[in-house]
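Structure, as structure tokens:
The values are calculated or read from the model by the stated rules, or taken from the named source; none is laboratory data. The model shown is predicted, which means the values in this text are computed figures rather than measured ones. Heads up, the Cβs are rebuilt from the backbone with ideal geometry, glycines too, and the neighbour counts pull from every protein chain shown.
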């Protein structure tokens, strides 16, 4: 089985309240699982990493042969692909966690997709829904 993983994370006011959205799809790009969550105080980059970590945990349950991960953060994709170095200490811990999780997959890749892509719009809406719900709770 091959899977596609779409993840997004965001923080209002960066840093500020953060949330994640995850979409797991089969090789035909049909949704098989989704997850959204509030992660508390965060930055956009930390939220992006947290979303990917949650997505990797979800995807591992299906034991895919190949996992293609799609993010709308060029920075995170380039860090994971070794193009950019990770300098921030908090990000380094998350990066290392992802690198450890990679061992669960025989074939994994990371690619950038613009926020305008159909699936990225879905995970972006999930993130914003969670953040809007959190704002309503505080009022």
TODO: Can you tell me which residue within region 96-130, out of those that are crowded, with 17+ Cβ neighbours inside 10 Å and more than 18 Å from residue 25 (Cβ to Cβ), is nearest to the chain's Cα centre (by Cα)?
DONE: 98
TODO: Kindly indicate which of 134, 97, 74, 118 is touching a strand residue (DSSP E or B) at 6+ places or on another chain (Cβ under 6 Å) and over 16 Å from residue 11 (Cα atoms).
DONE: 74
Task: Identity of the residue in region 1-14, at pLDDT 95 or above and closer than 15 Å to residue 60 by Cα, that ends up surrounded by the fewest Cβ atoms within 10 Å (Cβ to Cβ) - done: 2
Task: Which listed residue, of 82, 55, is farther than 17 Å from residue 8 by Cα and modelled with pLDDT of 95 or more - done: 82
TODO: For region 14-26, state whether one or more residues are within 24 Å of residue 103 (Cβ to Cβ), in contact with a helix residue (DSSP H, G or I) (Cβ under 9 Å, 6 or more places away or on another chain) and free of Cβ contacts under 8 Å to residues at least 40 places away in the same chain.
DONE: yes
TODO: Output the residues belonging to region 103-120 that are in a helix (DSSP H, G or I), farther than 16 Å from residue 48 by Cβ and at pLDDT 95 or above.
DONE: 118
Task: Members of region 30-58 found to be farther than 18 Å from residue 134 by Cα and out of contact with any strand residue (DSSP E or B) (no Cβ under 6 Å at 6 or more places or on another chain), listed by number - done: 30, 45, 46, 49, 53, 56, 57
- [ ] List every residue pair whose Cβ atoms lie under 6 Å apart, where the two residues are 6 or more positions apart in sequence or sit on different chains, the first residue falls within region 90-119 and is closer than 10 Å to residue 67 by Cβ, and the second residue, located anywhere, is assigned to a strand (DSSP E or B).
- [x] 102/108; 105/67; 107/66; 108/67; 109/68; 110/69
